[in-house]
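Peer 1: Before we start, here is the structure in question, set down as structure tokens.
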């Protein structure tokens, strides 16, 4: 993604992890919102919080749809901060936490969205529901330390149909229960996308073609839910 070309015939040393992340910080827009912005939103999460599933037609993805809708209200929706984050630990100290700290310190978002649980359940080694909760709380404290006015919107994604999700020691419902505990203890905003999806009938495969990520139909549902949740959370 990022290359450094040396002079002459000798190539320069490969960029350090710090340099790569610093370049990504600039590339993906961790910057203050334009003047006149009414709502600053920083989207953090896993691949569900990106255009994954409609990469070939990103204009059909929920991020572009929400950006377009939000623009009518002078919203600044920064999707870039979600790029490359597979688990919540990627955003904690030791996993790139400094990058997120600087991003949030610069942008001072009104709302930060979070959706982690899918990759935690499928990880090796697995992240337990209790650890997921602890990670949520730690990241919230990490963000509030540099942006005290930020509110959080926890997004609970639709249930996975991926077979491996039914072979782990913990159920999806156990992870969701811990997310709800975080919501109740911290008084965060909450969006449950499960009612938007029918993951039991034949229509499910049109909504979640690969059993985890939304297709075009699923992205429309994400867009509706997230747009309405941001509207509600901002009031």
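Peer 1: Let me check against my output: what whole-number percent is the relative contact order of region 34-234, with C-alpha pairs under 8 Å and at least 6 apart?
Peer 2: 25
Peer 1: In addition: How do 146-152, 68-74 rank on mean C-beta neighbours within 10 Å, highest first?
Peer 2: 146-152, 68-74
Peer 1: For the residues 116, 52, what sequence is obtained by ranking on other C-beta atoms within 10 Å, fewest first?
Peer 2: 52, 116
Peer 1: Would you order 166, 196 from fewest to most other beta-carbon atoms within 10 Å of each residue's own beta-carbon?
Peer 2: 166, 196
Peer 1: Also: For a footprinting-style exposure proxy, rank 137, 122, 48 by other Cβ within 10 Å, fewest first.
Peer 2: Ordered from fewest to most neighbouring Cβ atoms within 10 Å, 137, 122, 48 come out as 137, 122, 48.
Peer 1: Provide the FRET efficiency to the nearest 0.05 for the residue 71-residue 184 pair, computing r from the beta carbons and using R0 = 35 Å.
Peer 2: Efficiency, rounded to the nearest 0.05: 0.60.
Peer 1: Tell me, in nm to one decimal, what length is gained between residue 144 and residue 130 on full extension, where the rule is 0.36 nm per residue of separation less the Cα-Cα distance?
Peer 2: Between residue 144 and residue 130, full extension yields 2.9 nm more.
Peer 1: Arrange the peptides 154-160, 227-233 so that the one whose residues have, on average, the most other Cβ atoms within 10 Å appears first.
Peer 2: For the peptides 154-160, 227-233, the packing ranking is 154-160, 227-233.
No lab work stands behind these numbers, since they all come straight from the coordinates. Computed from a predicted model, the values in this text were never measured in an experiment. Cβ: placed from backbone, ideal geometry, glycine included. Neighbour counts: every protein chain shown.
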